[in-house]
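A quick write-up on the structure given underneath.
Quick note: the coordinates plus some simple rules give every number you see, no bench work behind them. The model shown is predicted, which means the values in this text are computed figures rather than measured ones. Neighbour counts run over all protein chains shown; Cβ positions are idealised from the backbone, glycine included.
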Amino acid sequence: MFKILAREGSAKRGVLETPHGDIETPVFMNVGTLAAIKGAVSSEDLEQIGTQVELSNTYHLHVRPGDEIVKKLGGVRKFMNWDKPILTDSGGFQVFSLAGLRKIKEEGVYFSSHIDGRKIFMGPEESMQIQSNLASTIAMAFDECAPHDSSRQYMEDSVNRTTRWLERCKVHMDKLNQMEGTLNKEQMLFGINQGGTFSDIRIEHAKRIAEMDLDGYAIGGLAVGETHEEMYETIEHVVPHLPAEKPVYLMGVGTPENILEAVERGVDFFDCVYPARNGRHGHAYTNHGKMNLSNKKYELDDRPIEEGCGCPTCRRHTRAYIRHLLKAKEMLGLRLLVLHNLYFYNTMMKEIREAISEGRFAEYKKNKIESMRSNNN
């Protein structure tokens, strides 16, 4: 299902065949936690800005509106009117982020809903059932994202439990994909490598999950407090021990520079809230650094955010107008910046794919990073 089309060192260009269309890699997945991109961005907008994959969250959609409701409405793709692939995160990251509201047991995790406080239990089987109800293209295995500063003993115990959970996820997904009434009987499963910054734990875990012959493999538990250097070193340790013929997904990462560094180390899939979140705070990504459009110097600036950018925002609106919208607290300003930022990320991934095919990725990476660090706006 995953074909590698070109290589340059460890960087690779590929295509993942899915039941909902092909995904060209490396790819950045646009994050729509609740089946919507924050910033009033529609599915039609996503098509216009070159989005290949939308990412939604299992836990959040289970809490609201409820995965059973989404199933009755035809699954998350039909629910949000998106006909391309969707990846659903398993809910495992909430084990990390909702630390004050949960209790971890062998059978799974007991939560208190962050919405209304009601008690929720989620284990591997429950996560797979919810994601089956959502009928996403790719489901993520249920895992624990342990804090990066966990003790070695805690990390070993956590990783061992995550492995046992992955085995249960695989068994239950196979069962669900054969059941009558399942919306997507070809749902794919990605397993998640954990282990913090303990390289030996990471490597051993990668070897163990590689034996399970999953559809893809993710590296989790990074970008949670460790340094960029530690993150890159961890990727270098893990990737060689994952199946070469399967896609690798670096979860929750990151900045454009993070992505370029990870592609160089063999990563294929990415997601991050940065482009949408920064857009909602008035910041725009450009090839010459990040801009704060709220700054007074843009008050009379009649140029687009970036000259030559083909996004819907830059084709029609000026820096001065966007600044006015931000100052007036008009939602349109945030929407226009989110559209621009997601287009920037999606376009960068297209440029990366082309550079790998043409054997000039190393040069592209060097020039891109130098340009983005210039802050010449």
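Given the options N160, N133, N30, state which has the largest fluctuation in a GNM of the chain using a 10 Å cut-off (strictly under) for Cα springs.
Among N160, N133, N30, the largest mean-square fluctuation in the Gaussian network model of the chain belongs to N160.
Treating the beta-carbon of each Lys and Arg as +1 and of each Asp and Glu as -1, no other charges, what is the dipole magnitude of the range 321-375 about its Cα centre, to the nearest 20 debye?
Numbers: 11 positive and 6 negative charges, 51 e Å.
That gives a dipole near 240 debye.
Consider just the alpha-carbon atoms of the range 220-259 and return their Rg together with their Dmax, both in angstrom.
Expressed in Å, the Cα Rg and Dmax of the range 220-259 come to 10.5, 30.
Check the straight Cα-Cα distances from K185 and name the lysines below 24 Å, setting aside those fewer than 8 residues away within the same chain.
Candidates past the 8-residue exclusion: K3, K71, K72, K78, K84, K170, K175, K246.
Please give the net charge around Y364, taking every other residue with its beta carbon less than 10 angstrom from that of Y364, where Lys and Arg add +1 and Asp and Glu add -1.
Details: positive: R360, K365, K366, K368; negative: E8, E351, E354, E358, E363.
Charge balance in the 10 Å sphere: -1.
Give the cross-link partners of K297 among the lysines, using a straight C-alpha distance below 17 Å as the criterion and excluding same-chain residues fewer than 8 apart.
In chain and number order, the partners are K327.
Cα to Cα, under 19 Å, and not fewer than 8 places away if on the same chain: which lysines meet these conditions relative to K103?
By straight Cα distance, K103 reaches K119.
In debye to the nearest 20, how big a dipole does the range 280-372 give about its Cα centre with +1 on each Lys and Arg Cβ and -1 on each Asp and Glu Cβ? Present the calculation step by step, with values, prior to reporting the outcome.
On the way: 18 positive and 11 negative charges, 72 e Å.
Approximately 340 debye in magnitude.
Given Cβ point charges of +1 (Lys, Arg) and -1 (Asp, Glu) and nothing else, what value in debye, to the nearest 20, does the dipole of the chain about its Cα centre take? Show your work: numbers first, answer last.
On the way: 48 positive and 53 negative charges, 254 e Å.
That gives a dipole near 1220 debye.
What does the net charge come to around L55 if you take all other residues with beta carbon closer than 15 Å to its beta carbon, with K and R at +1 and D and E at -1?
Taking every Cβ under 15 Å from that of L55, the sum is 0.
Calculate for the chain the 222 nm mean residue ellipticity that helices alone would give, adding -39,500 (n - 2.57) per DSSP H run of length 4 or more and normalising by residue count, nearest 500 deg cm²/dmol.
-12500 deg cm²/dmol
Enumerate by residue number the GluC sites (Glu not before Pro) in the range 243-277 meeting two conditions: DSSP loop (anything except H, G, I, E, B), and at most 14 other Cβ atoms within 10 Å of the site's Cβ.
Passing both the DSSP loop test and the Cβ count: E245.
Between K290 and I69, what's the calculated FRET efficiency when r is the beta-carbon distance and R0 is 56 Å? Round to 0.05. Please report the intermediate quantities before stating the final value.
On the way: r = 39 Å, r/R0 = 0.69.
E(calc), rounded to 0.05, equals 0.90.
For the residues T347, T25, T234, what sequence is obtained by ranking on other C-beta atoms within 10 Å, fewest first?
T347, T234, T25
Please arrange I104, I120, I356 by how many other C-beta atoms lie within 10 Å of their C-beta, fewest to most. Each step should come with its number before you reach the end.
On the way: I104 14, I120 19, I356 25.
Fewest-to-most Cβ neighbours within 10 Å comes out as I104, I120, I356.
Does anything in the range 224-263 have its amide N under 16 Å from the 7 Å Cα→Cβ label point of M1, and if so which residues?
243-249
Please tell me the relative contact order of the chain in percent, rounded to the nearest whole number, where contacts are Cα pairs under 8 Å and at least six residues apart.
With pairs under 8 Å counted, the relative contact order is 18 percent.
For each of E144, E363, count neighbouring Cβ atoms within 10 Å of the residue's Cβ, then give the residues from fewest to most.
Ascending Cβ contact count within 10 Å gives the list E363, E144.
Using the Cα gyration tensor of the range 2-272, with a ≥ b ≥ c the square roots of its eigenvalues, what is the shape: rounded (a/c below 1.5), prolate (a/b larger than b/c) or oblate (neither)?
It is rounded, given that a/c, with a ≥ b ≥ c, falls under 1.5.
What's the local net charge at E236, with K and R +1, D and E -1, over the other residues with C-beta under 12 Å away?
Numbers: positive: R202, R265; negative: E229, E230, E233, E261, E264.
It works out to a net charge of -3.
Of Y321, A355, N367, which is farthest towards the positive pole of the range 280-372's charge dipole, taken about the Cα centre with +1 and -1 on the beta-carbons of Lys, Arg and Asp, Glu respectively?
Among Y321, A355, N367, the one farthest towards the positive end of the dipole of the range 280-372 is Y321.
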